[in-house]
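The values are calculated or read from the model by the stated rules, or taken from the named source; none is laboratory data. Predicted model, so just to flag it, every value in this text is computed and none were measured. Glycine gets a Cβ as well: all are built from the backbone with ideal geometry, and neighbour counts include every protein chain shown.
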Amino acid sequence: MTRAPARWPRPWAALARRQPSAFLLAAQLLSLLVYPSMDDTQGGRLLFGAVALVVVPLAVWVVNRSPAVSIVAWLLAIPAIALTGTGVLLDRPELLPFSALLESALYFYAAASLIAYMLHDHRVSADELFAAGATFTLLAWGFAYAYFVCQAWYPGSFTSTVEPGRPRQWMELLFLSFTNLSATGIGDVLPVSSPARVLVMLEQFAGVGYIATVVSRLIGLTVIGARR
């Protein structure tokens, strides 16, 4: 009687179960490499939609590991993916602000769920460290999508030192979001309208609060664990 070959656990599957935040963080950082090739052409919008089809399910995935309610994430993710796919494939750019609004809400909800996950216990695991990085990128993407919606609904909300009259591209809005959230404030992309300035102030407040609460707590728990 022949014995069935033993099934060894797949390393990637085991890593995905233990540290889903690492996959989300990696996907978001890798997407930065393809964002510079995006523009207002059909090919750029197709690439924009392809990135959303990967990152949005990953954001829902990490919500499943947190104390948050995953059904809320799916209620935001499914119509966002549907609107993005419809707008890109049927060349309906007017649908993209609505999908961006849902994606922004999803990323904020996923960031809040990861913060609740990190505050859930008093030990710092490897996945929580990846979650800290993923939460930062989720907040940055969430505000970048909010800027995208603001620019679509309030034309001329953002200007720049380079070609100040045209709408800002996605990479410029994401760059603005990262500089605000990290308190770098380079200032080559500037908010002009009142709604845009309100969003920028909210992101600056969120960035300071995130560093003061989540990051400082993780550092403190890591130091306490090392002393023990």
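Before moving on, here are some points about what is shown:
- For region 105-159, residues that are in contact with a Leu (Cβ under 6 Å, 6 or more places away or on another chain) and among the polar types (S, T, N, Q) total 2.
- Qualifying residue in region 183-191 (condition: among the hydrophobic types (A, V, I, L, M, F, W, C), out of contact with any Lys or Arg (no Cβ under 7 Å at 6 or more places or on another chain) and farther than 20 Å from Trp141 by Cβ): yes
- Residue list for region 173-196, restricted to those being within 18 Å of the chain's Cα centre (by Cα) and surrounded by 18 or more Cβ atoms within 10 Å (Cβ to Cβ): Leu173, Leu174, Phe175, Leu176, Ser177, Phe178, Thr179, Asn180, Leu181
- Whenever a residue of region 192-208 is under 14 Å from Ala111 (Cβ atoms), its partners that are buried (at least 16 other Cβ atoms within 10 Å of the Cβ) and of a type in the set (Phe, Trp, Tyr), lying with C-beta atoms within less than 7 angstrom and at least six residues away or across chains, give the pairs Glu203/Phe143.
- Residues satisfying the stated conditions in region 143-184, i.e. in a helix (DSSP H, G or I) and in contact with an Asp or Glu (Cβ under 7 Å, 6 or more places away or on another chain): Phe143, Tyr145, Ser177, Asn180, Leu181
- Residues considered: Arg45, Arg7, Arg3, Arg92. Of these, the only one that is more than 30 Å from Ile211 (Cα to Cα), basic (Lys, Arg) and modelled with pLDDT of 85 or more is Arg92.
- Members of region 152-177 that are touching a Phe, Trp or Tyr at 6+ places or on another chain (Cβ under 7 Å) and over 20 Å from Val198 (Cα atoms): Met171
- In region 185-212, residue modelled with the highest pLDDT [restricted to those that are assigned to a loop (DSSP other than H, G, I, E, B) and out of contact with any Phe, Trp or Tyr (no Cβ under 7 Å at 6 or more places or on another chain)]: Asp188
- Residue check for Ile78: in a helix (DSSP H, G or I) and surrounded by fewer than 16 Cβ atoms within 10 Å (Cβ to Cβ): yes
- From the options Leu30, Leu114, residue that is assigned to a helix (DSSP H, G or I), surrounded by 14 or more Cβ atoms within 10 Å (Cβ to Cβ) and at pLDDT 75 or above: Leu114
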